[in-house]
């Protein structure tokens, strides 16, 4: 039975018809469907399964669940470490980014058959979304002129005070 499933799963990598994975028969294939698969065909058997097996519910639930757990756990750890306020938010949102390691782990788990195509797609999208959000958050913080950590603000004040003392000594 595993061989039959494997053949059905890998068929899109060999044949131009994706009916085994996503239900598009060759006669019903739309131009959009063919266009979406053409540039991704070099990725192997994952391209059709990843594009055609998508669940908004799974993505939203997984994104919200993992982000809430990560933000709460980092906030708790940061609080215990002595961080407060904006420092906690910056730490929590930037460590929430999953990025490249999330995509690599998703690919390995998918290739090993541990996760299905819908969950693989959700993992990859969560990695991309959280990484993009972390970058956007840091950009927002820096454009507002806020320090990334309160120690940055104290270090800059110390540096300015040191420059004022040097200027006063020179006068």
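The values are calculated or read from the model by the stated rules, or taken from the named source; none is laboratory data. Quantities reported herein were computed from a predicted structural model and do not represent experimental measurements. Because the Cβ atoms are built from the backbone with ideal geometry, glycine has one as well, and the counts that use them run over all protein chains shown.
Which residue is nearest to residue 92 (Cα to Cα), if the candidates are limited to region 64-77 and must be surrounded by 16 or more Cβ atoms within 10 Å (Cβ to Cβ) and under 16 Å from the mean Cα position of the chain (by Cα)? Ranking the candidates gives 71 first.
Select from region 86-115 the residues that are out of contact with any helix residue (DSSP H, G or I) (no Cβ under 8 Å at 6 or more places or on another chain) and in a loop (DSSP other than H, G, I, E, B) and list them in ascending order. If the condition is that a residue be out of contact with any helix residue (DSSP H, G or I) (no Cβ under 8 Å at 6 or more places or on another chain) and in a loop (DSSP other than H, G, I, E, B), then 112, 113, 114 are the ones that fit.
Quick grid of which residues meet (1) in a helix (DSSP H, G or I); (2) over 12 Å from residue 94 (Cα atoms); (3) modelled with pLDDT of 95 or more:
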{"site": "138", "(1), (2), (3)": "yes, no, no"}
{"site": "146", "(1), (2), (3)": "no, yes, no"}
{"site": "151", "(1), (2), (3)": "yes, yes, no"}
{"site": "157", "(1), (2), (3)": "yes, yes, no"}
{"site": "160", "(1), (2), (3)": "yes, yes, no"}
{"site": "166", "(1), (2), (3)": "yes, yes, no"}
{"site": "169", "(1), (2), (3)": "yes, yes, no"}
